[in-house]
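Presented below is the structure to which this report refers.
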Amino acid sequence: MSIINPIEQCVRDSLERYFSDLGDSEPHDMLAMVMRCVERPVLQVALEKAHGNQSRAAEMLGITRSTLRKKLQAHDLQP
């Protein structure tokens, strides 16, 4: 038996609600939708924990600082 971590369970629960709300409609671009919904708060929290230091936030996230800056711009999170 595998144990589902709390974040994974939260995503699964949210997706179940999403499908329930869709009713008979077909989902489209689900992965892109989930990535957009998850990435923004992850970026925000990393920046908060790094006290706005983008180099530290990028290191926490496992990405380069330039990638972080592109993602911040894409999510309109530029300081």
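Each value in this text was obtained by applying a stated rule to the coordinates, not by laboratory testing. The shown structure was predicted, so the numbers you read here are calculated from the model rather than taken from an experiment. As a convention, Cβ positions derive from the backbone with ideal geometry for all residues, glycine included, and neighbour counts pool all protein chains shown.
Just a few scattered comments:
- Sites residue 75 and residue 10, calculated FRET efficiency, Cβ-Cβ separation with R0 25 Å, nearest 0.05: 0.80
- Label-to-label distance, nm, for residues given as residue 34 and residue 64 (7 Å Cα→Cβ offset): 2.8 nm
- Hull-based mean projected area of the chain, where the convex hull spans the alpha carbons, in square nanometres: 7.0 nm²
- Mean Cα-pair separation over length for the chain, i.e. relative contact order, pairs under 8 Å, 6 or more apart, %: 15 percent
- For region 7-13, the Karplus equation 6.51 cos²θ - 1.76 cosθ + 1.60, evaluated at θ = phi - 60°, returns couplings of 5, 4, 5, 4, 5, 4, 4 Hz by residue, with Gly and Pro reported as x.
- Taking the C-alpha atoms only, the angle from helix 30-49 to the longest principal axis of the chain is near 40 degrees.
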